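Below: one structure, written as structure tokens.
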Amino acid sequence: MVSQYVRIPQDRIGVLIGHNGIVKEDIEKKSKTRIEVDSDEGGVYIESIEGGDPLKALRVVDVVKAIGRGFSPENVFALFDDDFLLFDVISIAHLTSKTLKRVKGRVIGRNGRTRRTIENLAGVKIAIYGKTIGIIGYSHSIRTAHEAIAMLINGAPHSTVYSFLERKAGKEKEEW
């Protein structure tokens, strides 16, 4: 039996549990695990149940972490359906609070435009929460999104980042 422990922010526990426990229940069914949530500490204990796939239990760790980093359960459940999908986190905790706010604003963009553009052209899902930027996607897509986000963090104009993403998307189509 595989047993894991993960901590998530307390304000994300409600999302993990879901209305009447439906999200937690869905995760347990899809992964054949038992999940216990410590609402006071933000601790989540994950244990595979007998007959369950230990790899699915490990996948639950990513699912729980992704929910903790701001993703909706709908976006996170894709991790169960595709073994090649990955969850990655970019920490921006090293930035000062003033710079952090500016960087998050640059990555999100006006009315969420920049985030949507990165998601569409790189083929990823992005969640900005606290001092992190979470990404769900395939490894090559995550790399592209990382590069685009790094460009924004380093002050590159949005138009330059959009051009970079369009070039990458064009190369991907050529390779297929």
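The values are calculated or read from the model by the stated rules, or taken from the named source; none is laboratory data. This is a predicted model, so every value here is computed, not measured. Neighbour counts run over all protein chains shown; Cβ positions are idealised from the backbone, glycine included.
With respect to residue 44, determine if the residue is over 13 Å from the mean Cα position of the chain (by Cα), in contact (Cβ under 8 Å) with a residue 40 or more places away in the chain and either within 30 Å of residue 156 (Cα to Cα) or outside the structural domain of residue 129 (by TED's automatic domain parsing) (or both). Don't jump to the end; show me each part of the working.
Numbers: over 13 Å from the mean Cα position of the chain (by Cα): yes; in contact (Cβ under 8 Å) with a residue 40 or more places away in the chain: no; either within 30 Å of residue 156 (Cα to Cα) or outside the structural domain of residue 129 (by TED's automatic domain parsing) (or both): yes.
Here the answer is no, as residue 44 does not meet what is asked.
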Could you identify the single residue in 75, 111 that is on the phi > 0 side of the Ramachandran plot and assigned to a helix (DSSP H, G or I)? 111
I need the full set of residues from the range 124-176 which are touching a residue at least 12 places away in the same chain (Cβ under 8 Å), over 17 Å from residue 70 (Cα atoms), surrounded by fewer than 20 Cβ atoms within 10 Å (Cβ to Cβ) and touching a Phe, Trp or Tyr at 6+ places or on another chain (Cβ under 9 Å), in order please. 138, 139, 147, 151
How do the pairs read when you match residues in the range 103-123 that are closer than 17 Å to residue 166 by Cα with residues anywhere that are of a type in the set (Asp, Glu), using Cβ under 7 Å and keeping only pairs 6 or more apart or on different chains? 121/166
Residue 96 fails exactly one of (1) free of Cβ contacts under 8 Å to residues at least 12 places away in the same chain; (2) touching a His at 6+ places or on another chain (Cβ under 9 Å); (3) of a type in the set (Ser, Thr, Tyr), namely (2)
Test: residue in the range 6-18 that is exposed (fewer than 15 other Cβ atoms within 10 Å of the Cβ) and more than 24 Å from residue 128 (Cβ to Cβ): no
For the range 79-97, which positions are over 11 Å from the mean Cα position of the chain (by Cα) and outside any loop (DSSP other than H, G, I, E, B)? 80, 81, 91, 97
By residue number, the members of the range 1-27 that are closer than 17 Å to residue 59 by Cβ, over 19 Å from the mean Cα position of the chain (by Cα) and modelled with pLDDT of 95 or more are 25
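Looking at the range 63-88 only, could you name the residues that are in contact with a strand residue (DSSP E or B) (Cβ under 9 Å, 6 or more places away or on another chain), surrounded by 17 or more Cβ atoms within 10 Å (Cβ to Cβ) and farther than 18 Å from residue 36 by Cβ? It would help to see each step written out before you state the result.
Our first condition is that a residue be in contact with a strand residue (DSSP E or B) (Cβ under 9 Å, 6 or more places away or on another chain); within the range 63-88, this holds for 63-66, 68-72, 75-76, 78-79, 85-88.
Now drop any that are not surrounded by 17 or more Cβ atoms within 10 Å (Cβ to Cβ), which leaves 63-66, 68-71, 76, 79, 85, 87-88.
Selection gives 66, 69, 70, 71, 76, 79, 85, 87, 88.
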